[in-house]
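Everything on this sheet refers to the single structure shown next.
The values are calculated or read from the model by the stated rules, or taken from the named source; none is laboratory data. Just so you know, these numbers come straight off a predicted model, no measurement behind them. Cβ coordinates were reconstructed from backbone atoms using ideal geometry, including for glycine residues, and neighbour counts include every protein chain displayed. Ligands, DNA and RNA are excluded from the accessible area calculation, which covers all protein heavy atoms including side chains. Shrake-Rupley method; radii C 1.70, N 1.55, O 1.52, S 1.80 Å.
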Amino acid sequence: MSELDITLPDAAWEGVDQNVEALLDAWLMQPGDHVEAGQPVARVVLVKTNIDIVAPANGTIAGIAVQAGETFGRGQALGSLRSD
């Protein structure tokens, strides 16, 4: 098993100013929950657009680094996933 970061994909940041931060609106899963690759795990707001962040692999949510209501920057890990 390996641990993977849960992040907002780079493609979501295309065309967005480097200084702009996103808002983590809600975690849809909690630590200990099992998820499948591609399953939504969190919802963020970036430049007035809601975006679902999906699990990068099958596994278990291992931890949360950014809480709902907090902002985060490009490339920042929002949480981690322990892959199967």
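Here segment 56-75 and segment 2-24 have alpha carbon centers that stand 11 Å from each other. Computed over the chain, the per-residue total of -39500 (n - 2.57) for DSSP H runs of n ≥ 4 gives a 222 nm mean residue ellipticity of -500 deg cm²/dmol, rounded to 500.
Report, to the nearest whole %, how much of the accessible area of the chain belongs to carbon and sulfur atoms, 1.4 Å probe, protein only.
46
For the chain, the relative contact order works out to 41 percent when only alpha carbon pairs closer than 8 Å and six or more residues apart are counted. Remark: the chain carries 55 Å² of accessible area per residue (probe radius 1.4 Å; ligands, DNA and RNA excluded).
In order along segment 10-22, the Karplus-derived 3J(HN,Hα) couplings, from 6.51 cos²θ - 1.76 cosθ + 1.60 at θ = phi - 60°, round to 3, 4, 5, 8, 4, x, 9, 3, 4, 8, 6, 10, 9 Hz, and Gly and Pro are given as x. Under 14 Å from the Cβ of A22, count the other residues' Cβ atoms, weight Lys and Arg +1, Asp and Glu -1, and hand me the total. Result for the neighbourhood of A22: -4.
Which of the following values of Kirkwood radius over Cα pairs in Å was calculated from the structure shown: (1) 13.1; (2) 12.7; (3) 14.2? Matching entry in (1) 13.1; (2) 12.7; (3) 14.2: (2).
Label separation (R82 vs S2): 1.7 nm, computed from points 7 Å beyond Cα along the C-beta direction.
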